[in-house]
1. Between residues in region 1-28 that are within 23 Å of residue 124 (Cα to Cα) and residues that are of a type in the set (Lys, Arg), which pairs lie under 6 Å by C-beta distance while being six or more apart or on different chains?
2. Return the residues of region 41-55 that are more than 14 Å from the chain's Cα centre (by Cα) and not basic (Lys, Arg); say none if nothing qualifies.
3. Which residues, taken from region 108-118, are surrounded by fewer than 18 Cβ atoms within 10 Å (Cβ to Cβ) and either under 22 Å from residue 23 (Cβ atoms) or free of Cβ contacts under 8 Å to residues at least 12 places away in the same chain (or both)?
4. Residue check: is residue 64 farther than 12 Å from residue 102 by Cα, more than 11 Å from the chain's Cα centre (by Cα), at pLDDT 95 or above and open to solvent by less than 10 Å² (accessible area, probe 1.4 Å)?
5. Can you tell me how many residues in region 68-84 are in contact with a Lys or Arg (Cβ under 9 Å, 6 or more places away or on another chain), in a strand (DSSP E or B) and open to solvent by less than 50 Å² (accessible area, probe 1.4 Å)?
6. So, of the residues in region 89-107 that are surrounded by 15 or more Cβ atoms within 10 Å (Cβ to Cβ) and part of a helix (DSSP H, G or I), which turns out to be modelled with the lowest pLDDT?
7. Which of the residues belonging to region 16-38 are in contact with a Phe, Trp or Tyr (Cβ under 7 Å, 6 or more places away or on another chain) and open to solvent by 60 Å² or more (accessible area, probe 1.4 Å)?
Amino acid sequence: QVQLVESGGGLVQPGGSLRLSCAASGRTRSSVAMGWFRQAPGKGREFVAAVTWSAGSTYYADSVKGRFIISANNAQNTVYLQMNSLTPEDTAVYYCASNPTYNLRSLYSSTYYNYWGQGTQVTVSS
């Protein structure tokens, strides 16, 4: 199994920035890619971004493209989500997750991720 621990959430003003971290441990070799998802109150879990461990290829939801940057540090088994130009619509609990597949289509769906972190709250408010 893979253990995932998120950190870095908090309260930020609109237009501000925040960086989330996700530390992976355990059977990390079974992880092909890592993704970030978010869930706002009363809504379903939404894809945010994903990155592959081997090549560092990145993928983003249209809603965050150009504002968020996902990256992976292989040596530290850690992925990051740099969030810039935040808006109130970005308010949600953010989860990191591990994906055991290399099919790029699977990166966009939460159903293909088999391990999840506990989530970290991000609140964007003035």
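The values are calculated or read from the model by the stated rules, or taken from the named source; none is laboratory data. All figures in this text were calculated on a predicted structure; none of them were measured in a lab. Neighbour counts run over all protein chains shown; Cβ positions are idealised from the backbone, glycine included. Surface accessibility is based on the protein's heavy atoms, side chains included, excluding ligands, DNA and RNA. Shrake-Rupley method; radii C 1.70, N 1.55, O 1.52, S 1.80 Å.
1. Going by the 6 Å Cβ cut-off, the qualifying pairs are 8/19.
2. Passing the criteria: 41, 42, 44, 54, 55.
3. The answer is 110, 111, 112, 114, 116, 118.
4. yes
5. 3
6. Here the residue is 106.
7. Selection gives 19 alone.
Residues checked against (1) at pLDDT 95 or above; (2) under 18 Å from residue 101 (Cβ atoms); (3) exposed (fewer than 15 other Cβ atoms within 10 Å of the Cβ); (4) not hydrophobic (A, V, I, L, M, F, W, C):
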| position | (1), (2), (3), (4) |
| --- | --- |
| 11 | yes, no, yes, no |
| 14 | yes, no, yes, yes |
| 49 | yes, yes, no, no |
| 55 | no, yes, yes, no |
| 59 | yes, yes, no, yes |
